[in-house]
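Chemist: Would you mind keeping the following structure in view while I ask a few things?
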Amino acid sequence: MGRLLSVTDMAALLGVSVKTVYQWRSRPIPYGPPAIKVGKYLRWKPEVVEAWIDAQEPESNVTPIRRGA
């Protein structure tokens, strides 16, 4: 098993603040990759985080043009 990511690692990897990572977890419907509780600490498996990031990509990077009726 490899090294688990800390909340600081997650924030740096995703380019958000540590506070944002905690806020995502405290939403009524949690957002972000699932975490593991190790005692009182949150940790993430790198492969789970990578899978979550990949799942966030849109199917297409082309934005459709909507024409008015």
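The values are calculated or read from the model by the stated rules, or taken from the named source; none is laboratory data. This structure is a prediction, so every number in the text was calculated from the model and none was measured. Glycine gets a Cβ as well: all are built from the backbone with ideal geometry, and neighbour counts include every protein chain shown. We work out accessible area using only protein heavy atoms, side chains counted, and drop any ligands, DNA or RNA first. Shrake-Rupley method; radii C 1.70, N 1.55, O 1.52, S 1.80 Å.
Chemist: Name the single residue, out of those in the range 1-17 being open to solvent by 50 Å² or more (accessible area, probe 1.4 Å) and free of Cβ contacts under 8 Å to residues at least 40 places away in the same chain, that is farthest from P46 (Cα to Cα).
Modeler: Checking each candidate, the answer is S17.
Chemist: For the structure I just gave you, tell me whether P34 is under 12 Å from the mean Cα position of the chain (by Cα) and open to solvent by 70 Å² or more (accessible area, probe 1.4 Å).
Modeler: Judged against the criteria, P34 is a match.
Chemist: When you go through (1) at pLDDT 95 or above; (2) at positive phi one by one for G32, which number turns out not to apply?
Modeler: Failing condition for G32: (1).
Chemist: Just the residues that are of a type in the set (V, I, T) and free of Cβ contacts under 8 Å to residues at least 24 places away in the same chain, please, taken from the range 19-52.
Modeler: Result: T20, V21, I29, V48.
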